Amino acid sequence: MDRVKFYSTYDWACSPNLKKLEEVLDKFNDTKSYEINDIIEFYNCIKYIDNGCYLNDWKTEYIEKIKNKLKSLNKVIGCFLLTIDDNNIISTIDNIDYMYKEDFWELFDTHKVYNRISDLKFDEILKNRYILETISDFKNIVNHYGNIIREHLLKYEDSAIILLDKYEIVREHNQKQIYLPKELTSEDKESILKNYIDSKNPNINYLRVIFNMQSTKEMPISDKTRLMAKRKIKEESDKIFNKNSGIIMETLVRFSKNMKNEKEVVMEGQKIDCQYSSDWLEQNTDYPTLLNNFIYLFEFTDINMRSNLVSKESQLGIFEKHIFIQTKKSYRTGTAFDRLDMLSTLQMMAYYKELKRINIRFENIIEWFFKEYLLDEFNIKDYRINIPSEESNYLEKCRTTLSELDNILKEYRLIVEDDEIDHELLQISSRPIPFNDIPSKIEHKYIYASSEEYNLITYLFFSDQCMLKYVEGIEEKYSNFFDLIKCEKIKAEDCPIYEQNNLNTLISKDYIETDEEGYLKFKNKERIVILKDLNYNEVVCYWNYPKNYRNEIDKMINEGMLKSESTLFSRPEIDYLNYYLNKSEFNNGLDLRNMYIHGTQPSEIESDKTHETNYMRISKILILAIIKINDDLCTYYDNKNDIS
């Protein structure tokens, strides 16, 4: 059905719909008889005009003419809705086009049509039509039919999805307020979750959401229900793998003899094969090089010492951003993060064993950094760390290292605050230190976005959803407008009509200008480079930029577009640490610190392999802490004159 449909003021279909709107309004006659889809189309026309959506060629007189006609449209809509009652509500609903279903219930709610529809008839509507998800968007309807809706929620198998959408799940777009009847009790809500878990074909992604949920007053859930979800996840996973379905992803990490280079990485399809030179390692066994391998060989960080292992929104695919389930308190992961996480754990494991083969204990390197390197390089005295003994099993290593990780971070905070480590003061506090409370010695250590202007400009330049990147006549589709400008010669008139306002925004704010031939080009290149870095990495390291770029950052901070913070770890790294070590921020975290310190770790019956893997994960965190501490101190002393 080729009718007017309002989606949003920013939707690419805005211009085509406004052209259809012209035809609808030209043909409109308030004396004619209209059916339900006509009425809803009029309603969508009104939405466009009320939201200030006009075509560029509309004159002021024409816009005023349209606005005057809206009064007649509203009158026709109101009169039609007054004719709906118990006698015709079923046939009316059945005749509504699919894309207008939600619009109908919106009109049903705002025009109080429910006052003319009996409870008995509404119960009949719910029995034969799965519309619970739609009507839960409308407060008046839910309040009016509370008891009936409650009964259907208890019987409807997918009611759990409505609850999860309200309390747990975040939708990338179109996140709406969901209303539940006040008659629905806490016991009802948990019963709905249990019914879903026990259903024949539950979605494994929703089961994971239920398992990771934290009980709240609004949405209580018991440990027994979460355990039910965990067991159901295993059952459903076994079904999937028994069918040999899915994509096989292979990651290999190995040390080999007689290699030409220190490392060779081969990526073929879903396979990653990383080889590292045993010969090179044997020839470079000094501790500084062995630690630097995590940066330059394994690439745990980039050249600015930002962790490469964190989850970044820029690495999420289109389906991961807009389709995959994301909860309000979950750490957002995707295929790229999962692959890097697996790869880095295998790198850590292979390196640990290769070092052991050449009679070097990984733990001794860690001890050397804190007890000798920091003293020799920065005159930091009495940095204490207790490494696991050589005889310790992996369970014991996990417990010891997690305890020491907290201790070394507390010690570094004292270095920043007092220039010395007072161990008596350190012993007074036994509580773990939040990662965002660990300070840096450096002012303006990290730079973050801080305004709506940043969001708009980076969307226009770098988003794969911005339609500025589409130019007629250019066959190659660029991933964003930035790449298009960088690679092609285009003029302002080449950009789509419905994107001219956005293009004018970039021009008026001095991001884009035209050359003598009228082609678009970048204007403030320093600022654009900074925004590109920040958009991809979510954090910028101020002191790693040259002076002219730092001056530009200072301007952007003064304008309120950016802000600076001085912490040891960046925000993405803090989130990553919280995901790995606790559940203070994310309910899907690995919770390694709480697991081992509070004794809820997997039992020995599950084999030492689980503890070995977790120890490698913990060791990655320890390495990150070492890299960040060293970078913080080096940056401070290298820029001491400018910082002070």
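The table for this structure:
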item: Filtered trypsin sites (Lys or Arg not before Pro), the stretch 268-365: DSSP coil and at most 14 other beta carbons within 10 Å; result: LYS328, ARG361
item: Equivalent ellipsoid semi-axes - Cα gyration tensor, the stretch 64-223, angstrom; result: 33, 18, 14
item: Entry for volume of the Cα convex hull per residue in Å³ (calculated from the structure that is shown) out of (i) 215; (ii) 187; (iii) 156; result: (i)
item: Helix-only CD estimate at 222 nm, as mean residue ellipticity for the chain, using -39500 (n - 2.57) per DSSP H run (n ≥ 4); result: -16000 deg cm²/dmol
item: The stretch 148-223 shape via C-alpha gyration tensor axes, a/c threshold 1.5; result: rounded
item: Ranked packing of 54-60, 67-73, most packed first, by mean Cβ within 10 Å; result: 67-73, 54-60
item: Computed over the chain: relative contact order in percent, which uses C-alpha pairs under 8 Å that are six or more apart; result: 11 percent
item: Computed lengthening from GLU157 to ASP515, 0.36 nm per intervening residue step minus Cα-Cα distance; result: 122.7 nm
item: Paramagnetic reach from HIS111 (point 7 Å along Cα→Cβ, amide N under 12 Å) across the stretch 27-41; result: 34-41
item: Under 5 Å, built H, 5+ apart or other chain: amide partners of THR251; result: ILE272
item: D_trans [Stokes-Einstein, Kirkwood Rh over alpha-carbon pairs] for the stretch 446-554, 20 °C, 1.002 mPa s, µm² s⁻¹; result: 147 µm²/s
item: Nitroxide proxy distance, nm - points 7 Å out along Cα→Cβ at ASP137 and ASN68; result: 3.4 nm
item: Relative contact order (percent, whole number), the stretch 502-644, Cα cutoff 8 Å, 6+ residue spacing; result: 11 percent
item: Alpha-carbon Rg with Dmax, taken over the stretch 368-498, Å; result: 26.0, 72
item: Cα→Cβ-extended label distance, 7 Å offset, between LYS525 and SER584, nm; result: 4.4 nm
item: Trypsin sites (Lys or Arg not before Pro) restricted to the stretch 194-226 and DSSP loop, no more than 10 other C-beta within 10 Å; result: LYS200, LYS217
item: Extension reserve of the ARG254-GLN270 stretch, reckoned as 0.36 nm per residue once the Cα distance is removed; result: 4.0 nm
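A short reminder: the numbers here are calculations on the coordinates, not readings from a lab. Nothing here was measured: the structure is a model prediction, and the numbers come from that model. Every residue, glycine as well, gets a Cβ built from its backbone with ideal geometry; the counts of neighbours run over all protein chains shown.
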